[in-house]
Amino acid sequence: MNKTLLIATTNQGKVREISEELKDIDLEIKTLKDYPEILPPEETGNTFFENALLKAKYYAEKTGLLTLADDSGLEVEALDGKPGIYSSRFAGEMASDEENIKKLLELMKDIPEHKREAQFICVMVCYHPSGKYIYSEGIWEGKIAQSPRGDRGFGYDPVFLVKELNYQKTAAELEMEIKNKLSHRGKALKALKEKLPEFLKTL
């Protein structure tokens, strides 16, 4: 039986990544662009998990649909884990990716190469209006580059040097197929996908 899954984002980069990974599961995909009348919830959680659960539950209850929401962000060791849950609004509430990156590089301009470690974290929650849910987490380790490189990806991808590639490439220089295998979202999605068929049977 075909089920509808709402991917609770308007970010087309995320939609592409998630849709690609779930393409062999019989799901009709919808996104928040299909529900422009629904205002976003206030993200009041203190952790990625709390915010992902809050969003998934909110949109599932508003639409009556099985909903997948994620909360993800960048944690930089030299900045005591910042920007963390504030990654998307690091430079201000409506900040662009470029403004967030500019603020990050500004704060890190005097940090030496060997102290620029960082990690992306993603927590995904798939929530059914009945109250049942599953979740997963993915972590991607890297370093912060001195300047942006690459035009693929979104968010902090242009300044995130990938550990698995010996810090030679940023996440924004990777082809989507490679990025999906390595990234925090890719790892969280893979873990969630393994749980999804069983979960769908319980609904």
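Here are some notes:
- Subset tally (residues that are in a helix (DSSP H, G or I), within 17 Å of V123 (Cα to Cα) and touching a helix residue (DSSP H, G or I) at 6+ places or on another chain (Cβ under 9 Å)) for segment 57-86: 3
- Contacts under 6 angstrom Cβ, first residue in segment 50-77 being within 19 Å of I18 (Cα to Cα), partner surrounded by 24 or more Cβ atoms within 10 Å (Cβ to Cβ) and among the polar types (S, T, N, Q), 6 or more apart: A56/T67; Y59/T67; A60/T67
- Filtered residues of segment 24-60 (kept if among the basic types (K, R) and either touching a strand residue (DSSP E or B) at 6+ places or on another chain (Cβ under 9 Å) or surrounded by 15 or more Cβ atoms within 10 Å (Cβ to Cβ) (or both)): K30, K55, K57
- Candidate set from segment 1-23 (those that are polar (S, T, N, Q) and part of a helix (DSSP H, G or I)); member that is surrounded by the most Cβ atoms within 10 Å (Cβ to Cβ): S19
- Cβ-Cβ under 7 Å pairs, at least 6 apart or on other chains, segment 6-33 side under 22 Å from L203 (Cβ atoms), far side of a type in the set (F, W, Y): L6/Y59; A8/Y59
- Number of positions in segment 159-181 that are out of contact with any Pro (no Cβ under 6 Å at 6 or more places or on another chain) and at pLDDT 95 or above: 13
The values are calculated or read from the model by the stated rules, or taken from the named source; none is laboratory data. All of these numbers come straight from a predicted model, not from anything done at the bench. Positions of Cβ are backbone-derived with ideal geometry, glycine not excepted, and every protein chain shown enters the neighbour counts.
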